[in-house]
1. Considering only residues of segment 125-142 that are out of contact with any Gly (no Cβ under 6 Å at 6 or more places or on another chain) and among the hydrophobic types (A, V, I, L, M, F, W, C), which is surrounded by the fewest Cβ atoms within 10 Å (Cβ to Cβ)?
2. Among the residues in segment 82-93, are any over 25 Å from Leu11 (Cβ atoms) and modelled with pLDDT of 95 or more?
3. So is Asp69 surrounded by fewer than 13 Cβ atoms within 10 Å (Cβ to Cβ), under 19 Å from the mean Cα position of the chain (by Cα) and of a type in the set (D, E, K, R) or not?
4. Identify, by number, the condition in (1) open to solvent by 10 Å² or more (accessible area, probe 1.4 Å); (2) farther than 24 Å from His10 by Cβ that Ile110 doesn't meet.
5. Looking only at segment 167-194, count how many residues are under 15 Å from Leu140 (Cβ atoms), in contact (Cβ under 8 Å) with a residue 12 or more places away in the chain and in a loop (DSSP other than H, G, I, E, B).
6. Could you run through segment 143-179 and say how many residues are among the basic types (Lys, Arg), open to solvent by 20 Å² or more (accessible area, probe 1.4 Å) and in contact with a Lys or Arg (Cβ under 9 Å, 6 or more places away or on another chain)?
7. If a residue must be farther than 22 Å from Lys167 by Cα, part of a strand (DSSP E or B) and not β-branched (Val, Ile, Thr), how many such residues does segment 114-139 contain?
8. Do we have Asp40 as over 22 Å from Gly168 (Cβ atoms) and either among the acidic types (Asp, Glu) or at pLDDT below 95 (or both) here?
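The values are calculated or read from the model by the stated rules, or taken from the named source; none is laboratory data. All values derive from a computational prediction rather than experimental measurement. Virtual Cβ from ideal backbone geometry, glycine too; neighbours counted across all protein chains shown. What goes into the accessible areas is simple: the full protein's heavy atoms, side chains included, and nothing from ligands, DNA or RNA. Shrake-Rupley method; radii C 1.70, N 1.55, O 1.52, S 1.80 Å.
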Amino acid sequence: MNEILEYFPHLTDKQIEQFKALQALYEDWNQKINVISRKDISNLYSHHVLHSLAIAKAINFKDGTTIMDFGTGGGFPGIPLAIMFPNCKFKLIDGTGKKIMVANEVIKAIGLTNVVAEHIRGEEEKGKYNFIVSRAVMPLPDLIKIVKKNISKEQNNALPNGVIVLKGGNTEGEIHEHKKLAEITPLSNWFKDDWFKEKSLIYIPL
């Protein structure tokens, strides 16, 4: 939890409580349903919560912004972002029902009211959103083909509507089709832990 406060020192008491509650909740649920690698659960804050919050370093979503988390798994990056931006609306979707159940239980336990989590495939989602966020769910060109239909034409932020994804390793192949538009930011620009060295945030306006 200290690493969250190190990089985001201006959290409210409520946000701190919500972030603090995540460790025990995910540890408990992870024993029943494997949503995070068992070896990695002790790194929940650095490898999952802080990783998700790289998106909050890239853009400070304005109140009223709508965001869909595609392939959220157990709630990443959607739940940390929903805590960080309580006045934005989040829709978390995943094709695995058990993972969505965990996400919904965590949402309920920490009292988040700005999030809906639903067991649905991206192809079936009809809603319109300012931004689609995702954590390494599938190759970026495939993701864009699915979610293009979900990008709203109504702008709400300085950054134009589009897709924001968190990726590891070489991103050149990922952005080939969108090379002129894509903005890539190494996460080591924001976070000093070695774990972030090979990881990037990719933003593509659509």
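1. Across segment 125-142, the extreme among qualifying residues is Met138.
2. Checked against the condition, which is being over 25 Å from Leu11 (Cβ atoms) and modelled with pLDDT of 95 or more, segment 82-93 yields at least one hit.
3. In short, no.
4. The single condition Ile110 does not satisfy is (2).
5. So the answer is 4.
6. 2
7. Result for segment 114-139: 3.
8. no
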